[in-house]
1. Based solely on its DSSP helices, what 222 nm [θ] is calculated for the chain when runs of n ≥ 4 H residues each add -39,500 (n - 2.57) and the sum is averaged over all residues, nearest 500 deg cm²/dmol?
2. Could you tally the net charge around L102, taking each other residue with its Cβ under 15 Å from the Cβ of L102, Lys/Arg +1 and Asp/Glu -1?
3. Label points 7 Å out from Cα along the Cβ direction at D289 and S326: separation in nm?
4. What ³J(HN,Hα) values, in whole Hz, does the Karplus curve 6.51 cos²θ - 1.76 cosθ + 1.60 give for the stretch 339-354 when θ = phi - 60°, with x put for Gly and Pro?
5. List the relative contact order of the stretch 248-303 as a percent without decimals, with contacts defined as Cα pairs under 8 Å and 6+ residues apart.
6. Between L395 and L102, what FRET efficiency comes out of the Förster formula 1/(1 + (r/R0)^6) with R0 = 25 Å and r the beta carbon distance, rounded to 0.05?
7. Can you list the trypsin sites (Lys or Arg not before Pro) in the stretch 124-213 that are in a DSSP coil and have 14 or fewer other beta carbons within 10 angstrom?
8. What area, in nm² and to one decimal, does the C-alpha convex hull of the stretch 223-365 cast on average over all directions?
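A short reminder: the numbers here are calculations on the coordinates, not readings from a lab. Given the structure is predicted, the values throughout are model-derived calculations rather than measurements. As a convention, Cβ positions derive from the backbone with ideal geometry for all residues, glycine included, and neighbour counts pool all protein chains shown.
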Amino acid sequence: RTLELFGEALSPRDVVKRICEDVRREGLGAVLEYTRKLDRVELTLESMRVTDAELRSAVRQADPVLLQTVRRIRENISEFQRAVLPADARVERRLGGGGVILRQRHLPMRRVGICVPGGAAAYPSTVLMTAVPALTAGVREIAVVVPPTAWGGYNSDLLAVCHEIGVAEVYRIGGAQAVAALAYGVEGIARVDKIVGPGNLFVALAKQHVFGDVDIDSIAGPSEVIVLADATARADFVAADLISQAEHSPGSGVLITWHEPLLDAVEDALRGQLGELDRGGLAAQSLRDYGALILARDAAEAARLTDELAPEHLHISMDDPEPMLSQIQNAGAIFLGHYTPVALGDYIAGPSHVLPTGGTARFANGLASADFLKRSSIIQYDRLSLEAEADGVRLMAAKEGLTAHSASVDIRLR
């Protein structure tokens, strides 16, 4: 469609660059124009934002069981995210008859944007797993952007969840134009400090494009799971875990085991289960394209291979998973034992399901409340302690040829 929309053939990256620069230059008009062209929805400044009345109406229409479940999930997430918040630090030294005070301070970001998909299904879990960690960190302003679709900005359950957890700012815009609106600010939408949340290729590329103007969580790829299993694993459980990520379509499911009989048993279980599921055809295609059943020589080789692949989700399906856990460093989230399916982490446990993909768990981490904090070091000397450290500053400044650094000390000690 790039010929139709832009008059020339463009790569996805070039499309994103064009959209983002148009939004930066033209503001809201570009956002609404791209929404009309790409989503085929006519919006105005007023209809772009979900009103408070619409949010309240969505809550009234919502199934009470859904709202009760959302409250329980919110508390689970809040409990865990409070526990992992870093504490401020303070160090005091006596030096040269004077004193030094060193502190590290954490303050919440002022404003965060959240991208919620809405093209093929409604994803209230994305709202919970991104907004609740931010709220737990103390972020006061959260802006949610979601495509103007029946699964997105017009989905009553999604809007009810937003209201239930305290998110009052929801916009019916998606794609690269929504990311750019959050990053640069347009009429009706103030710019944010950070953008988090998943999306399609164009959302991912847009987040990459605006990084530097704002912070982002990651460039997320397709969902993935590795199941590490021994002779105690049940084949039907393993098959269900592989399918649960493959059904995202695309999604990857990989079994690694050194118990050879499990391979055939899991293959048989996959055939049986795929035929019974609504998205079984999509999951089957994903497994053909991105899945694998791997026989390792032993547990040590299985651990090494897993660490090299650095999966988003790792399920250690064993009666005693702790020894294997001690051998694994690289994974976004790790699920232990036969009764901890990845779906618990996706929906209800407490850690965020926004996780590093594509092998980036080798160096990246899952989203957490700490990611919404601004960390600053605070340093305070008095005259006596400055005098005690002055020679060290002078020496280092001379080594680096930065004489003004020395002068900034000397002028205070004359």
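1. -13500 deg cm²/dmol
2. Overall, the nearby charge balance is +2.
3. 4.1
4. 10, 10, x, 4, 4, 4, x, 4, 10, 9, 5, x, x, 5, 8, 7
5. 59
6. Result of the calculation: an efficiency of 0.75.
7. Here the sparse-neighbourhood loop sites are R140.
8. Mean orientational projected area (the stretch 223-365, Cα hull): 7.6 nm².
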